[in-house]
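Colleague: Structure provided below as structure tokens; questions to follow.
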Amino acid sequence: MPKRPDARLAAAAGPARRTASAPAPAGRPRGAKPSLAAIVAAAAPAPVRILPKTRAAIPEIVTPEPLQAPRRGGSTLKERARQMSVYLEPAVYDQLRDLAHAERTKMHVLMLEALDGLFRQRGARSIAQLTEADEA
């Protein structure tokens, strides 16, 4: 008894060829291939009917309030501070990293300490004085 092919295998193999007894699709003569325009027209959604605009259908134009930049008094340092990049020679970077590791602190803290020393050396206000002035 021969086995019938599985329907899944037949579908994977591709569309079955039409026999002479199979009818052609409506609107197309037998043996004619569909044109690209016919395929696109058949796949296009139905046209949408646009209703005429009335006074009630026109939305009111609302202008939003302009966004303001965050104030200096943010809750985190990232919100309050300005970012600055510093390019260091590899040996300088390594030494700063080693100092931070030995003192169990962050490189950022050491950089602030160095800036504070520079400000004092030049007769400028210290970081503590500057932050007190901003808070007041």
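Colleague: Within the set of pairs 6 or more residues apart or between chains, which connect a residue that is surrounded by 10 or more Cβ atoms within 10 Å (Cβ to Cβ) inside segment 94-109 to a residue that is of a type outside the set (A, V, I, L, M, F, W, C) with Cβ atoms less than 8 Å apart?
Modeller: Short answer, once both residue conditions are applied: 100/106; 107/97.
Colleague: Return a yes/no flag: does segment 28-36 have any residue that is surrounded by 10 or more Cβ atoms within 10 Å (Cβ to Cβ), of a type in the set (A, V, I, L, M, F, W, C) and either at pLDDT 80 or above or assigned to a helix (DSSP H, G or I) (or both).
Modeller: Within segment 28-36, none of the residues are surrounded by 10 or more Cβ atoms within 10 Å (Cβ to Cβ), of a type in the set (A, V, I, L, M, F, W, C) and either at pLDDT 80 or above or assigned to a helix (DSSP H, G or I) (or both).
Colleague: Looking at (1) loosely packed, with under 10 Cβ neighbours inside 10 Å; (2) hydrophobic (A, V, I, L, M, F, W, C); (3) touching a helix residue (DSSP H, G or I) at 6+ places or on another chain (Cβ under 9 Å); (4) at pLDDT 95 or above, find the lone condition where residue 86 falls short.
Modeller: Result: residue 86 passes all but (4).
Colleague: Taking only segment 37-74 into account, find how many residues are among the aliphatic types (A, V, I, L, M), touching a Lys or Arg at 6+ places or on another chain (Cβ under 9 Å) and at pLDDT below 75.
Modeller: 0
Colleague: Go through segment 104-133 and give me each residue that's part of a helix (DSSP H, G or I), closer than 18 Å to residue 77 by Cα and in contact with a Lys or Arg (Cβ under 8 Å, 6 or more places away or on another chain).
Modeller: 107, 133
The values are calculated or read from the model by the stated rules, or taken from the named source; none is laboratory data. Source: prediction; values computed, not measured. Every residue, glycine as well, gets a Cβ built from its backbone with ideal geometry; the counts of neighbours run over all protein chains shown.
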